[in-house]
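Reading through the structure tokens given below for one structure.
No value in this document is a laboratory result; all are computed from the given coordinates. These numbers come from a predicted model, not from an experiment. Cβ sites come from the backbone with ideal geometry, for glycine too, and all protein chains shown count toward neighbours.
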Amino acid sequence: MSQPSAPPDVLNNPAAVHRPEEAVSRKAVIAGAIGNFVEWYDFVLYGASAPILAKVFFSNESPQTALLATFATFAVAFVARPFGAFFLGNLGDRVGRKSVLAGIVLVMSIGTAAIALIPSYATIGLWAPLLLVIIRALQGFTAGGEFGGSAAFIVEYAPANKRGRYGSWQTATVGLGSATATAVVLAFTAILPAEQLNSWGWRIPFLIALPLGLIGLYMRLKLEETPDYQRVQELKDDDKIKPVMPIMQAIREHWRPILLGAAVVTGGTVGTYVFQNFVPAYLNTGHGVPLNVALGGNLIGLVVYAAATLLWGRLSDTYGRKPFIVGGALALLILMYPIYLLDQVGTLATIALGQSLFGICAAAIMGLVPTLLSEFFPTTVRMSGLSVSYTLANALFGGTAPFVVLWLVGITGTPSVAVLYCMGALLFTLVGGFTIRDRFRQPLQEV
């Protein structure tokens, strides 16, 4: 792509971009990551509550069918994600990350709280699952812009030599939001009798998302736009610098990094959805493992996953992103089946060990994805490129994984098919990981 005519000290020159003080950068990490926390609190709350939601929103004639329908509704949000990625990614590159991210966190939290207000299937019949599908679709639409926006926001605020460390906080909040949701469900299952939990107790954790979202809204509105985005806005009015349709420019001129990024994300996202969402629910419904044991082991694994992302992110600033992404994928290919066997034992200790091993390996991929993808795209189309790349993998493979795996288990009668599905997805990550060019020592592109 030809460079636009602009002063040489303005374009792609890290010294020409005023970097904020690190205290401001740390606030930006919190503001950017809190939306991700709310998003994953919601999604894992839904997954952890799946056995309960199946009874509340669907007919109880067949528990397996009800659980399948619950995961199908889970997947609806991911079908809606690409539309959100296109619209909100484009909007974020045109008008700025700050306002778009503020709207996203508010809508996601309201949607999660709204699920708590839906009457049960026994009360309103088919209207219950229909309302659930509508809310999940709206959440999926807004979530389609969350990853790209918050990743761009955090990495653009990061010091040049600490992008991996800062970007890894976005994935760490995936683990922390997931762990919080799991802990809340565990607490309510321990406190309330099953009858009260199924009738009204499950609703309280969903309502908690609203105050979390309001906190995120406040924090995001308090910060200014990123220095990189402000810098580009100050450049002369040139279509190449300020494209009318950033999303179309991203697809037209950066289709290769979009596809490579999606390939890298595929293996990690399929594995996390299967092992951190599907496995605990299936251990409970398919193998009779007590829900508190299945969720307790998964909770420990999620905390380890969050900690591991920060470790890999920090190390990647010294050694690059590529070695850890390839190494994490290879480690998962080797350890996936042993991890599955540990989970199948069904004790708290073995589930915790299996999920922790999975978390350490998967974090080497997903912990670096926010920074890796941010380094693929210039500021003018960064949110668009990030959103499309990440959402493409999630919509096609990640969000549908719990449903597809449960369906495959049903028709084959072989639970280990989940391992084969995850291993197949990891091949995409390996291809993408070996093909990408590591840009960890280079300044972020501006145009």
Each label point is 7 Å from the Cα along the Cα-to-Cβ direction; what then is the distance between the points at Gln233 and Lys162, in nm? 2.4
Alpha-carbon centroid distance for the pair region 341-402 / region 151-215, whole angstrom: 16
How high is the FRET efficiency between Arg252 and Arg437 when r is their beta carbon distance and R₀ equals 25 Å, given to the nearest 0.05? 0.80
Using the alpha-carbon atoms, what tilt in degrees (0 to 90, nearest 10) does helix 97-115 show relative to the longest principal axis of the chain? 10
If I take R0 = 30 Å and measure r between the Cβ atoms of Ser99 and Asn198 in this structure, what FRET efficiency does the formula 1/(1 + (r/R0)^6) give, to the nearest 0.05? 0.15
Note the count of lysine pairs whose C-alpha atoms are less than 26 angstrom apart in the chain, limited to pairs 8 or more residues apart or on different chains. 11
In nm, the gap between the two label points placed 7 Å beyond Cα toward Cβ at Leu259 and Trp407 is 2.5
Helix 382-393: angle to the longest alpha-carbon principal axis of the chain, degrees 0 to 90, nearest 10? 30
Quick one: net charge around Gly145, please, counting Lys, Arg +1 and Asp, Glu -1 for every other residue with C-beta under 12 Å from its C-beta. -1
Work out, step by step, the length gained on full extension between Leu341 and Lys222: first 0.36 nm times the residue separation, then minus their alpha carbon distance; give nm to one decimal. 38.1 nm
Kirkwood-based Rg to Rh ratio, region 132-265, C-alpha trace: 1.07
For the chain, what is the convex hull (Cα atoms) projected area averaged across all directions, in square nanometres? 19.4
The FRET efficiency for Ala190 and Thr318, from their Cβ-Cβ distance with R0 = 41 Å and rounded to 0.05, is 0.45
What helix-only [θ] at 222 nm does the chain give? Using -39500 (n - 2.57) per DSSP H run of at least 4, over all residues, to the nearest 500, the answer is -25000 deg cm²/dmol
Surrounding charge for Ser387, neighbours by C-beta under 14 angstrom, Lys/Arg +1, Asp/Glu -1, total +1
With a cut-off of 8 Å between alpha carbons and a minimum separation of six or more residues, what is the relative contact order of region 150-301 in percent? 28
A correct Karplus calculation of ³J(HN,Hα) over region 213-225, with 6.51 cos²θ - 1.76 cosθ + 1.60, θ = phi - 60°, whole Hz and x for Gly and Pro, returns x, 5, 5, x, 4, 4, 5, 6, 6, 6, 8, 7, 4
